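Working notes, structure below.
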Amino acid sequence: MSGAVLTGQELAALQLLAGGLTHVQIAAELGVRPETAGRLLHRAQTILRARTLPHAVALAYEAGVLGRTGR
């Protein structure tokens, strides 16, 4: 993981993605537009230096950033 830190919303979006939610469902859970949810996930992917969103989830788990989703 790079020196940048995930924001609370980026982390929440990534955790919801890890739980199997779609961008639209993530947006509804966070109370934002789907485009915003996509930007949050993209920023998390960039910060984690991941090639794909599934890779970002895997890296976040490996780094201990994500705990169990409960979903």
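The values are calculated or read from the model by the stated rules, or taken from the named source; none is laboratory data. Everything numeric here is computed off the predicted structure, so don't read it as measured data. Methodologically, a virtual Cβ is constructed for each residue, glycine included, from the backbone with ideal geometry; neighbour enumeration extends over all protein chains shown. Areas reflect the complete protein model, heavy atoms only, side chains present, ligands, DNA and RNA absent. Shrake-Rupley method; radii C 1.70, N 1.55, O 1.52, S 1.80 Å.
So the values come out like this:
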{"quantity": "For GLY8, net neighbour charge (Lys/Arg +1, Asp/Glu -1) across residues whose Cβ lies under 14 Å away", "calculated": "-1"}
{"quantity": "Whole-Hz ³J(HN,Hα) from phi, Karplus 6.51 cos²θ - 1.76 cosθ + 1.60, for the range 17-29, glycine and proline x", "calculated": "4, 4, x, x, 7, 7, 4, 5, 5, 4, 4, 5, 5"}
{"quantity": "³J(HN,Hα) computed for each position of the range 47-55 - Karplus, 6.51 cos²θ - 1.76 cosθ + 1.60, integer Hz, glycine/proline x", "calculated": "4, 7, 6, 8, 7, 9, 5, x, 5"}
{"quantity": "Overall dimensions of the chain as given by Cα atoms, namely Rg and Dmax in Å", "calculated": "10.9, 30"}
{"quantity": "Helix-only [θ]222 nm of the chain, DSSP H runs n ≥ 4, -39500 (n - 2.57) each, per residue, nearest 500", "calculated": "-18000 deg cm²/dmol"}
{"quantity": "Rounded percent of accessible protein surface that carbon and sulfur make up, the chain, 1.4 Å probe", "calculated": "53 percent"}
{"quantity": "Per residue accessible area in Å² of the chain, where ligands, DNA and RNA are left out and the probe is 1.4 Å", "calculated": "59 Å²"}
{"quantity": "5 angstrom amide H check on LEU66, placed H, neighbours 5+ away", "calculated": "TYR61"}
{"quantity": "Relative contact order for the chain, counting Cα pairs under 8 Å that sit 6 or more residues apart, in percent", "calculated": "37 percent"}
